[in-house]
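To start, the structure under review is shown below, and the notes come after it.
The values are calculated or read from the model by the stated rules, or taken from the named source; none is laboratory data. Bear in mind that the values here come from a model prediction, so they are computed numbers and not experimental data. All Cβ positions, glycine included, derive from the backbone under ideal geometry; neighbour counts span all protein chains shown. Just so you know, the surface numbers come from the protein's heavy atoms only, side chains and all, with ligands and any DNA or RNA stripped out. Shrake-Rupley method; radii C 1.70, N 1.55, O 1.52, S 1.80 Å.
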Amino acid sequence: MELLVLIQREYVERVRNKTFVVSTIVGLLAILVLSFAPAIMDKIQSADKSQIVILEQTGQVTAYLDEQLQTKLPNGERQYSFQSVVANSTDWAVQKKDLIEKLLADNTTSAVLEIAPPGAPDSVVWHSKKINLGGDSAKVEAVLQQMTTQQRIKVSGLSQTQLTTIFTPLTFDSQVEGLKASSKEQQTQNMMLVYILLFMLYFSLIAYGMSVANGVVEEKSSRVMEMMIATVKPASMMTAKILGIGAVGLTQYFIWIGTGLGLLTLKGKGISLIPGMTLQLTTIEPLYLIYFGIFFILGFLLYASMYAGIGAMVSRPEDTNQAVGPMTFLIIAAFMVAMVSLYSPDNPWIVWLSYVPFFTPMVLFSRLILTDVSTIGVLLGILDLVVTILLFMWMAGRMYRVGVLMYGKVSWRDMLRLVRGR
Amino acid sequence: MSLKLISVNKSFGAKRVIEDLDLCIPKGEVFGFLGPNGAGKTTTMRMILDIIRPDSGQVMWEDKIVSLATARSFGYLPEERGLYPKMVVGDQMSFFARLRGLSKAEANKRIAYWSERFQVGELAKKKANELSKGNQQKIQFIIAVLHQPELMILDEPFSGLDPVNVELLKNAFRDLVKEGRTILFSSHRMDHIEELCDSLCIIKQGKLIAKGSVGSIKRSTGRKIIRLRMTGSLDFLKYFSLDLAKLELNLSKLEDGVTEAVQAVEFDLPEGVDPQAILQGAIENGQVKRFEIGDPSLNEVFITLVGGKV
């Protein structure tokens, strides 16, 4: 009952707060923009049409380029169009300069290609008004290189069949053994899930963990604490604060993820956070999603209870930022270890670290998805987390309670002494 | 049915804050808790509310050692007023009432009653940090009283209130006592103590130096105060080994129409002197308007006991 009243206050006060409303709306806008981003990118890329004029005598090069460079723009049109201009005037050297200048003067032509000698191009000059790094010129160069090579081989007397044999690529298949995922695609999907957990935890801890610490400090600095201590158990207070703020965070996620999923169903595509890596919710094993939920929530509770404890040691709001500094380091360390575990989940160091409570939510989750972890191992990790969380919440409560007597700087030794007695 | 403190001791580090404190406050009394700044009043109150625990000795309410469960049933007005700064006042009152187990409907009914009584109804929609200090204090008093506590611990409830609000609070005290509730409060305003309390105690550096009814404490110093108003010369007082020059401090002249000046003087009855002799002397030397043999005021007793000199 009292816990409910406490959680309710924590939740309602925060959801009503302007910061919450504004950050939720900003998040929604970001999601909308991101979901339309591919369409917008398509639009932008589609404007990237290039017309290339080729100065040659036979028209052979133009035909070859036209056949080989069929790159399509997102809107279905061809990216490159080629036009040949016959270069056979008598005073060509003079005329050429004027012609190139004229062609490039109007903006429809993006480049002029000067071929010499006709037939197989041995030397080509790319005239353009802009420096094109690795773009169009490189593609054209590659195609022309190929054309020249083929021509030269032909000249040397090899038949077409011999040519085909020479150019056939070898097959290279990768077969992954001993991992849970049966295919490379599935492994990518699993890694994607781990990435999402890591980023969500990281983001939530930085954003909401701080507000747990601030909430505790606010109660101390506004001296409501004394009223609270005379009314409720400090442990209930801490629990309510953490759960209340956690619920606020979940609300925000539900709004965001709900909108995101809604938009995705409308568009019928997977989530693409990192280009080339797509998460299809339908292909993920449901058990993994349950683990995801468990480790996300436990991870949040663990770090939030530490933030609460730090809040309980600080009495002035100005000091909070400095005091939570080490927490930020710890979270970053956990994040780094988790990143390593993505690529070597069976490394003995990683295995040990995955049972250190601070790292468990991120690292054990990554391991159990990417490699074989026994059920007992998973349960052990969860138990280990739950015990640590309860211990930290209790300690945070005690520190909060002794905080009545101590305003100003409190040393760790004083704290320990006081937590034991009263 | 009473609040008892039995040889309570408390130290913070090497500093002894409360030393062997014994107190018994019967149910239905208003008890004044006096002492100079830093005497240990707030610490004692916190021990009654189980916010901190005594190193030795017991604090008992209705023959049970106080705990969070009893503290929840008490009403508490802490010295450091504390409200959630950004929370709307109405919600805040309801929040604390519901923490003490009241239903929402019941809480709102009582909030309406007390808000009306303390004229803070229009503040309900404001945030706590928008209120003046006095208004915040009234809200905190309402929070302390909403769950109809049997015992109220009020740390300087009158500080910062204007005279109108002081009257409102005094009336609330009287009504609460009529309902059989016990109130323990601290104050530095002796007139409030004298007016409201059945009994009181004075502590100094954590030690009890006086306790009892207001009358008995006033008498406890053994001092008698003579209050004299008369016309004519006060020179005769010299014969009672009183130093007129020193008395001058208390002497004030009042214009009584067109006739001679009336002088008012107040002094300690010197040891071994019969007050009747002083009255005799006064009659011989002028016209006596007022002659009173009384106890010293609580203010004077306080200052004497606590160490200053009147």
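Going by Cα centres, segment B:88-166 and segment B:192-218 are how many Å apart?
Cα centroid of segment B:88-166 versus Cα centroid of segment B:192-218: 28 Å apart.
Rounded to the nearest Å, what's the spacing between the alpha carbon centres of segment A:296-323 and segment A:351-391? Just the number, please.
Cα centroid to Cα centroid, the span is 22 Å.
For segment B:152-192, rounded, prolate or oblate, judged on the Cα gyration tensor with a ≥ b ≥ c (square roots of eigenvalues), a/c < 1.5 rounded, else prolate if a/b > b/c?
oblate
Among rounded, prolate and oblate, which fits the protein assembly as shown when a ≥ b ≥ c are the square roots of the eigenvalues of its C-alpha gyration tensor, a/c under 1.5 means rounded, and a/b larger than b/c means prolate?
prolate
Given the C-alpha centroids of segment A:1-75 and segment B:14-87, what is the distance between them in whole angstrom?
After rounding, the separation between the Cα centres reads 63 Å.
Once you've got the Cα coordinates, tell me which of B:Lys15/B:Lys138; A:Lys220/B:Lys41; A:Lys233/B:Lys211; B:Lys218/B:Lys238 are over 25 Å apart.
Distance filter (> 25 Å) returns B:Lys15/B:Lys138; A:Lys233/B:Lys211; B:Lys218/B:Lys238.
So for the protein assembly as shown: antiparallel DSSP bridges make up what percent, rounded to the nearest 5?
Antiparallel bridges: around 65 percent, rounded to the nearest 5.
What number comes out for the charge environment of B:Phe173, summing +1 per Lys or Arg and -1 per Asp or Glu over other residues with Cβ under 12 Å away?
The answer is -2.
Heavy-atom accessible area of B:Glu116 with all protein chains present, probe 1.4 Å, nearest 10 Å²?
Around 140 Å² of this residue is reachable by solvent.
Take the alpha carbon gyration tensor of segment B:3-219, find the square roots of its eigenvalues, order them as a ≥ b ≥ c, and report rounded if a/c is under 1.5; if not, report prolate when a/b exceeds b/c, else oblate.
Prolate.
Among residues other than B:Val145 whose Cβ falls under 12 Å from its Cβ, what is the net charge (Lys/Arg +1, Asp/Glu -1)?
Result for the local shell: +2.
Could you give each residue of segment A:379-386 its phi-based ³J(HN,Hα) in whole Hz, using Karplus coefficients 6.51, -1.76, 1.60 with θ = phi - 60°, and x for Gly or Pro?
The phi angles translate into 4, 4, x, 5, 4, 4, 5, 4 Hz.
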